[in-house]
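Reading through the structure tokens given below for one structure.
A short reminder: the numbers here are calculations on the coordinates, not readings from a lab. The structure presented is a predicted model; accordingly, all values stated were derived computationally and were not measured. Please note: Cβ atoms are built from the backbone with ideal geometry, for glycine as well, and neighbour counts cover all protein chains shown.
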Amino acid sequence: MNEIAPEAVPRFPAEPDAEPQLSAGPGPEAAPQLSAEPGPQAAPLFPAAPEAAPEAAPRAPRRRLRAAIRWTAAVLVFAAFGSATAYAVTQPERTRIPGLRTPDDGRWTYPPIALPKLPAGRARPFADANQGQHHFTDVRSLLLPAPVGATADRAVPGPSGWVTPDAYLDLYRFDDDYLRKAQAAELRQQGLRHIAARSWTSPDGTRTDLYLLQFLSSGYADLYEPNIGAERLKGAEEVVKDSGVTSKAVPSDITVDASAESAPYGAAATRYAYLYAGDVIGLVVQTRKGSVAEVPFRQTVRLQAQLLG
């Protein structure tokens, strides 16, 4: 805050000699004194002004002094008020300040998410000591939980069981039964251990399906990866790449390959993404009648990638 310099304060000039002065003790020429007990000799309460009064005491300097003091006080009050207001605005969260509420961007609210504890002596999948890039925890514990308000599909086992390869292959459209059997054989030959899955439906009608295919090692997962390009998800015949899913939120060791169905859509629009994470290949699929929102899809993919990292 700017301070008022000493030169800016009007100085009270010396009073002319003709001005009546209050005296500490009575004298023959002392100014009249107010007394609590007036006597017969007491001076009148309002004595007549002496003749020299017109020349004696110009009051403008005193008035300027009082005005300067009042303005200084006002500035101090407003400055203090302004500082308090600025502190109140910067301290709370924006969503708690009227008029500054953060707009809803469509993200879902997930429960607190934490990585499961590793078994003693085991390294994380992308540590230097883990050459096979194994996920040593139960991959069912790495499934992203359903967001708040979503309804879980109880037909999908989630953390309590495994999905069969045939149930997983039901996601895809094959021209004939031979191709389907060939894909099932590829899964077995390329070292598939098991498949974890979870599904839910959000209040807006979006269905989310998560699949985590765990192989014997990252090398086996790499061998199976080319087969994914030959598989076509049901209901997503024409798709375009969605490069916007990739961000700093995705661990650098995980590759994300996302696609979105091209309009016009069929019974439901589809978005999906494959996640390549060491010995695990993840699949996130979202479908919804009309369209699938971009923001929650990318949010879901990124959170699942973080769990696999």
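Residue separation times 0.36 nm, minus the C-alpha to C-alpha distance between Asp175 and Ala267: what's the value?
Numbers: separation 92, 0.36 × 92 = 33.12 nm, distance 2.02 nm.
Stretched out fully, the Asp175 to Ala267 stretch lengthens by 31.1 nm.
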Quiz prompt | Order of Lys234, Lys117 - criterion: other Cβ atoms within 10 Å of each residue's Cβ, fewest first | solution = Lys117, Lys234
Quiz item: Expressed in nm to one decimal, what extension gain is obtained for the pair Ala249 and Val295 from 0.36 nm per residue of sequence separation less their Cα-Cα distance?
Solution: 15.2 nm
Quiz item: Sorting Tyr265, Tyr110, Tyr178 on the 10 Å Cβ count, fewest up front, what's the list?
Solution: Tyr178, Tyr110, Tyr265
Exercise. Tell me the trypsin sites (Lys or Arg not before Pro) within the range 270-301 that lie in a loop according to DSSP and have at most 13 other beta-carbon atoms within 10 Å.
Key: Lys289
Quiz prompt | Proximal lysines relative to Lys181, as straight alpha-carbon distance under 26 Å, when same-chain residues fewer than 8 apart are discounted | solution = Lys234
Quiz item: What share of Cα pairs, in percent, lie more than 25 angstrom apart in the range 139-308?
Solution: 27 percent
